[in-house]
Amino acid sequence: MTDASSPTPFQRLWLSETIRLREDHAGPLEDAEANRLARAEHGDLAERIQHRALFLARSDGQWQALLHWLQGARLAGLLLALLALLSGFGLALAALGDGRQPVNVFWALGSLLGLNLLMLLGWLLGLLLTRDHPGALGRLWLWLSEKLARDASAAQLAPALLLMLQRQRLTRWGLGLMVNGLWSLAMLAALTTLLLLLATRRYGFVWETTILSGDTFIALTQAVGALPALLGFSLPDIDVIRASGDAAIASEAARQSWAGWLVGVVLIYGLLPRLLLTLLCLWRWQSGKGALRLDLELPGYGLLRQRLQPDSERLGVCDLAPAALHQPQGGASTQTGSGALLLGLELDDRRPWPPAPLPKGVADVGVIDSREQRRQLLEQLTRFPPERLAIACDPRRSPDRGTLALLGELARSASATRIWLLPPAPGESLDSARLADWHQAIGTLGLIHGDTAPLSWLESGHD
């Protein structure tokens, strides 16, 4: 399975398209932190959109859903491959039978190649005449993939994949790779079964007709077998072909000649075309996949341009409320930080700050109150993540959603974070129910908290 921390370039594009579709249908996601992290990458707009989408996909479950979908797609592919192998095995058995009756060579040839050639003709006509669409087999594979993924978050993945591929007309080559690959497996299974049956049973070969002359079958047999004969496969001579019209010839040489002719025709006209088309589709798929780009002219991406590549930073503009509330999450920075920071969050002016002389190596960020201070602090921590961060909070205030979201963002900007719930000042009381709310909320974030000053931990990393 792909490592959850390192999506491929194709998967990053796929996730970007999935997030765009989701926001088109369900409204914008809570993306303040995602936009900030994307701006910190200093790439072009397409790269920032992909960074934003990856962050949102990880926090919203879309990345995990994509991994589940890929697992389902592989399992669906294995099921279709097994079906193709069984089909090829059945074709060979139906063509030769149990050996008790002579084999009609052209009935056998029709059984082995007829459906294959008809489907091949249909695929070629579809490639030339129809628009880029998944087709019946493609829809079956997508349906199986979604069902086997068993993840409700995967609903937008298949539509996003099709839209992304159709812009580069890659659906036909991806579908062609699947169709021709499955037919290659079926014909390989049929050819292998054919060889095993011919090696372990004795078959006689005949041809029969009511309205056609024997010369027609002679000419047809030689025309069909001419190309395989160039590669060393046997071709029955005229006397053997003519004699086989009356009854199965008992001679071993005649049986081997007909068997070699049948194997050669199946290989040249059945297996090799499918293998060559599989390789062609694989080449076109790989080259086209490498040329995939985001369509930045789409309205969903156009709306992100000012947020991810602003001409200037504008303050006081709030996004529309999302359709669903975002659940704050804690965590730790994936970057290696350095230094230790102490900050206060929305503290009363009557509280002295900093509360005590700070140890050497611990920097005071001050008290953060305004939206602008929050933005500047988050931008700074994104560029220079600290190794240890302590956040002092006043438990007399309610732990509202905005405060918890900020605590989660700050925690993800540092290697390790602790919350310091300040004790009440002399003469003040603390509501036990509100303190319990703080404990529950911080526990939901997965952060360590306490009511004593974490100065020793900030200085040394140990309590």
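The values are calculated or read from the model by the stated rules, or taken from the named source; none is laboratory data. Please read these numbers as outputs of a predicted model, since none were measured by experiment. When we count neighbours, we look across all protein chains shown, and the Cβ atoms used for this are built from the backbone with ideal geometry, even at glycine. These area figures cover heavy atoms from the full protein model, side chains too; ligands, DNA and RNA do not enter into them. Shrake-Rupley method; radii C 1.70, N 1.55, O 1.52, S 1.80 Å.
Table for the structure above
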| read-out | value |
| --- | --- |
| Between helix 432-445 and the chain: long-axis angle, C-alpha atoms, 0 to 90°, nearest 10 | 30 degrees |
| Filtered trypsin sites (Lys or Arg not before Pro), the range 262-304: DSSP coil and at most 14 other beta carbons within 10 Å | 293 |
| For the range 340-460, with +1 on Lys and Arg beta carbons and -1 on Asp and Glu, the positive-most of 446, 356, 402 along the dipole | 446 |
| Overall Cα dimensions of the range 340-460 - principal axes, largest extent first, Å | 38, 31, 26 |
| Cleavage-rule hits (trypsin sites (Lys or Arg not before Pro)) in the range 1-103: DSSP loop, at most 15 neighbouring Cβ within 10 angstrom | 100 |
| Apportionment of accessible area to carbon and sulfur, the range 9-305, percent (1.4 Å) | 64 percent |
| Crossing angle, helix 401-412 versus the chain [Cα axis fit, 0-90 degrees, rounded to tens] | 70 degrees |
| Over the chain, relative contact order from alpha-carbon pairs under 8 Å, at least 6 apart, % | 16 percent |
| Most to least packed among 76-87, 60-71 [average Cβ atoms within 10 Å] | 60-71, 76-87 |
| Mean accessible surface per residue for the chain, computed with a 1.4 Å probe while every protein chain stays in place, in Å² | 52 Å² |
| Alpha carbon convex hull of the chain, projected area averaged over orientations, nm² | 31.7 nm² |
| Rg over Rh, two decimals, the range 345-403 (C-alpha only, Kirkwood Rh) | 0.96 |
| Net charge dipole size for the chain [Lys, Arg +1 and Asp, Glu -1 on Cβ; Debye, nearest 20] | 880 debye |
| Protection proxy ranking of 259-265, 215-221, 140-146, 227-233 - average other beta-carbon atoms within 10 Å, highest first | 259-265, 140-146, 215-221, 227-233 |
| Dipole magnitude (debye, nearest 20) for the range 3-53, charges at Cβ of Lys, Arg, Asp, Glu | 40 debye |
| Whole-percent carbon and sulfur share, accessible surface of the range 376-452, 1.4 Å | 50 percent |
| In degrees, nearest ten, helix 299-308 long axis to first principal axis of the chain (Cα) | 40 degrees |
